[in-house]
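Data first, discussion second: the structure below is written as structure tokens.
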Amino acid sequence: MTKAATDQHQNPAHSQQHEYCGNFSPKLNTNQGIDNVFTVFPLDYQGETESTVNALPEQLEELWYRGVPLSEGPTLETMHERKVALLDFWDSRTDTVWGDRVRVAVEAFLRAEVQGTEHAYTREEVEDFNARRQCTRALDLEGPWEEVTAGVDPPW
């Protein structure tokens, strides 16, 4: 991304019109299904973040339901391994607006697909993870969605 494009993206005075890829309410409705969860990012956003976010629904589903790792490696056989991999991926994103976009997408997946199962993260697991995370922002799977997504530019 050029410096001018970066400045334009970060400076609200130079904001640009975005085309969005679908209808999405800022209030997460887990009945919407995972495909609707990932329609929060503009189609015209250029770069690695766009391709990462666009690939996430399928990749996260493959990881959660079939144990296919997000990067190279053996199949993750246990739900515990899959839960660890999801949190590790969330935490490995850069501490930038771009990393936050990916983290919000992962959190949406966790809320929509994982938290409603018998393998949901417990409050203790989330607290333990937050105590050791590298990211400055805490993982929040229980708070209001508007608070989780606050400051992600542009959220929708």
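The values are calculated or read from the model by the stated rules, or taken from the named source; none is laboratory data. It should be emphasised that the depicted structure is a prediction, and the values quoted were computed from it without experimental measurement. Using ideal geometry, Cβ is built from the backbone for each residue, glycine included, and neighbour counts are taken over all protein chains shown.
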Condition (residue is loosely packed, with under 12 Cβ neighbours inside 10 Å and either among the small types (Gly, Ala, Ser) or at pLDDT below 90 (or both)) applied to the range 74-81: is it met by at least one residue? no
Residues that are within 20 Å of residue 64 (Cα to Cα), exposed (fewer than 13 other Cβ atoms within 10 Å of the Cβ) and within 18 Å of the chain's Cα centre (by Cα), drawn from the range 112-146: 116, 142
Residue 96 being surrounded by fewer than 19 Cβ atoms within 10 Å (Cβ to Cβ), modelled with pLDDT under 85 and of a type in the set (Val, Ile, Thr): no
